[in-house]
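Worksheet for the structure shown next.
None of the figures in this text is laboratory data; all of them are computed from the coordinates on show. For clarity, every value in this text was computed on a predicted model and none was experimentally measured. Cβ placement follows ideal geometry from the backbone for every residue including glycine, while neighbour counts extend to all protein chains displayed.
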């Protein structure tokens, strides 16, 4: 048994059918005496519905998924550069790609016969967004055998940028009194040259202010990008909800149209049966009248027959008398 091919197949089976398909595959491997394959297949865990959709998506649109995951280092560079415009641009690109891929995954699930609501589609978005911030999760997504995921709670891959900014802030805020005075050229100390010491203090103050301004700019760019991402996500969520509501509305209209059709058919059938009943009643009345008329005719005929028999008997008696005379 080709274990990799079998596992790839299993992780494209709908979650509700996964356990039965896995157990069947493991049993076939044991029947073939392939104990390693049987053990590996039996250890496979059923994926969540969002993970299953992500697996279908990788199978159907691997290049597009790779294009999304390639944004991870671009996001990191934009954050490290403190370039708010670049960060906003790449964040918008990420949200567009994530939204399009999540909708495609939902469509694949529906094509496979599964019911995929806005909540599951939102989970697929979280899978993809989390994969941008977690290289290990990105590798599991690429494998096409994702079982489940942990949602990344931060905003993109901020580790390096955050630590660098923290280091800059720590340098800017370090107590200056802990630094030992350095002797100046010509043997003059800092205490011996107040003007030079003042210029140095001003330089350190300006440096600290510059670093603080950079940190404020970085944080402001980060907050703006975060707000933009959340707003775009809210729009996407609202779009999904509107899409689901529209589909439910269309389904309800279809059901109402079908109900109207059934009602019209029923009314037509009632009219047909009513007309048929009226015809049957009329036929029954005609039959009753015909029966009555036939009864009267039969009684009249019986009377005439009885009188004819009496007349015949009298005629025969008269004939007998004549013959006897």
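Going through region 54-70 one residue at a time, which ones are within 18 Å of the chain's Cα centre (by Cα) and part of a helix (DSSP H, G or I)?
Within region 54-70, the subset within 18 Å of the chain's Cα centre (by Cα) is 54-61, 65.
Listed by number, the residues that qualify are 54, 55, 56, 57, 58, 59, 60, 65.
Of the residues that sit in region 40-53 and are surrounded by fewer than 21 Cβ atoms within 10 Å (Cβ to Cβ) and touching a residue at least 12 places away in the same chain (Cβ under 8 Å), which one is farthest from the chain's Cα centre (by Cα)?
40
Let me spell it out: the conditions are (1) farther than 15 Å from residue 105 by Cα; (2) assigned to a helix (DSSP H, G or I); (3) under 28 Å from the mean Cα position of the chain (by Cα), and residue 29 meets all of them except one. Which number is the exception?
Among (1) farther than 15 Å from residue 105 by Cα; (2) assigned to a helix (DSSP H, G or I); (3) under 28 Å from the mean Cα position of the chain (by Cα), the lone unmet condition for residue 29 is (3).
Which of the residues that make up region 1-26 are assigned to a helix (DSSP H, G or I) and either touching a residue at least 60 places away in the same chain (Cβ under 8 Å) or surrounded by 15 or more Cβ atoms within 10 Å (Cβ to Cβ) (or both)?
Result: 3, 6, 7, 8, 10, 15, 18, 21, 22, 25, 26.
Counting just the residues of region 100-121 that are free of Cβ contacts under 8 Å to residues at least 60 places away in the same chain and more than 11 Å from residue 57 (Cβ to Cβ), which one comes out farthest from the chain's Cα centre (by Cα)?
Looking at residues that are free of Cβ contacts under 8 Å to residues at least 60 places away in the same chain and more than 11 Å from residue 57 (Cβ to Cβ), I get 111.
Just need a number here: residues in region 54-97 that are within 12 Å of residue 124 (Cβ to Cβ) and without any contact (Cβ under 8 Å) to a residue 60 or more places away in the chain.
Total meeting the criteria: 1.
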